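The values are calculated or read from the model by the stated rules, or taken from the named source; none is laboratory data. Small disclaimer: the values here were computed from a predicted structure and weren't measured. Don't worry about glycine lacking a Cβ; one is built from the backbone with ideal geometry, like all the others, and counts go over all protein chains shown. Note: accessible area is taken over every heavy atom of the protein model, side chains too, but ligands, DNA and RNA are not part of it. Shrake-Rupley method; radii C 1.70, N 1.55, O 1.52, S 1.80 Å.
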Amino acid sequence: MCAEYATFGLAPAMRAGGVLNDGGYQVHRDFVDFIVDGRPLLFQLSDLDAVSPLASDVPPSIFTAQVRSLLLESAAPLPGGRYVVYGCPECEDLACGAVTAVIQSDGEDFIWRDFAWQTDEHADLERNGYHGIGPFRFRGAEYRTALGALLNGSAPDPRRRVLLIGARVAVLAKLAAALRTIGVGADIAQHADGVSPDELRGYGAVAFGHATGEQERAAVRRAFERAGVPVAHVDGLAPIVPLLVAQIEHALDRSPAGRRRLIGLTAADGSADVEVTSACRVTLTAYRLDRLSRPHTHAIFDGVLEPGRHRVALDAKAVRGRAFVVARTSGSVLVAAVNP
């Protein structure tokens with residue numbers, strides 16, 4: 001079947017939420033991804049917007065059941081010994097489509113084979129199979145250790161809450177509402193004085209409004225340091241809600257930097273340079289403030305990029321004045337100020 005061994009591991013991953021150009025929303029999801037031979041398995045599945053069954057926002061009992069299922073401690077949920085490897089990030093309906101595979105044991109080893117795109121109970125391998133992926137043979141000890149750690153309280157803590165610090169309450173209220181809509185908790189405050197360490201531990205990021213002074217920022221940082229809470233800090237670039245959401249999404253990304261698809265973004269001299277590590281769909285959006293501080297949004301690019309560095313031209317009207325570019329894939333977001 002598959003004589004050579006592949007390595008098996010797990011790593012935190014994210015499906016990036018955000019405020020879309022058409023006014024819609026994309027839900028934020030934290031999950032644990034499968035790392036095969038040192039690379040996220042999801043990256044081998046073309047440009048797939050999906051999450052593994054090991055999502056951090058499912059009830060603990062369901063999370064545990066999913067882990068035990070992958071350990072073959074329960075019957076396969078689909079005919080033919082098939083298991084869902086990646087599913088729809090918005091719901092759990094198989095009709096939306098899912099990547100499935102046969103998972104079986106062979107002595108002490110575990111084998112994942114016959115990957116397919118599936119929309120009902122039965123997979124059509126000839127028509128919808130991922131013929132270039134797998135089979136993978138994993139050493140039993142390595143496989144059990146990785147998954148077993150999730151049962152022993154080692155599952156990544158997403159800390160999907162953000163503390164918003166600033167004086168412009170109207171902007172913060174709109175930002176908090178947008179974050180809550182995509183599944184990220186948000187609280188608004190003017191400072192962090194007197195907040196208990198237990199409460200501070202619930203935050204994954206603290207975002208400062210553009211007008212927040214350095215003394216106020218330093219005081220908030222000290223409060224988190226005293227509580228022993230490592231937290232990402234976001235300095236708001238401009239009072240544009242979709243831009244601030246993108247900054248916060250980037251700050252909440254806890255996936256290892258070396259295992260991300262989108263790894264570089266700069267914008268200057270009429271173009272944006274984007275770097276990706278695997279083929280994926282990338283969207284580029286420009287945000288700017290005019291002389292009356294009114295926000296404007298311009299769609300710049302939407303297409304699949306191959307691994308490497310790419311240069312995309314920027315419309316001069318889209319980046320006139322104080323402007324920013326947001327690059328987005330299904331799993332990550334980067335933000336860059338446009339340097340004139």
Across segment 186-215, the tally of residues that are closer than 17 Å to residue 243 by Cα and surrounded by 14 or more Cβ atoms within 10 Å (Cβ to Cβ) stands at 7
Scan segment 166-180 and give yes if some residue there is under 24 Å from the mean Cα position of the chain (by Cα), under 30 Å from residue 215 (Cα atoms) and open to solvent by 60 Å² or more (accessible area, probe 1.4 Å), otherwise no.
-> yes
Applying the selection to segment 301-324, what residues are out of contact with any helix residue (DSSP H, G or I) (no Cβ under 6 Å at 6 or more places or on another chain), surrounded by 15 or more Cβ atoms within 10 Å (Cβ to Cβ) and farther than 30 Å from residue 86 by Cα?
-> 312, 314, 318, 319, 320, 322, 323
Can you run down the residue pairs with Cβ atoms below 6 Å, 6 or more apart or on separate chains, where the first is in segment 283-302 and without any contact (Cβ under 8 Å) to a residue 60 or more places away in the chain and the partner is open to solvent by 30 Å² or more (accessible area, probe 1.4 Å) and part of a loop (DSSP other than H, G, I, E, B)?
-> 288/321
Single match in 115, 63 (criterion: of a type in the set (Phe, Trp, Tyr) and within 22 Å of residue 135 (Cα to Cα)) | 115
Residue check, residue 159 against (1) open to solvent by less than 60 Å² (accessible area, probe 1.4 Å); (2) at pLDDT 85 or above; (3) of a type outside the set (A, V, I, L, M), all met but one. Which one?
-> (2)
Can you pull out the residues in segment 37-76 that are open to solvent by 50 Å² or more (accessible area, probe 1.4 Å) and either in a strand (DSSP E or B) or over 21 Å from residue 145 (Cβ atoms) (or both)?
-> 39, 44, 46, 47, 49, 57, 59, 61, 62, 75
Within segment 249-294, residues among the acidic types (Asp, Glu), open to solvent by 50 Å² or more (accessible area, probe 1.4 Å) and assigned to a loop (DSSP other than H, G, I, E, B) come out as 269
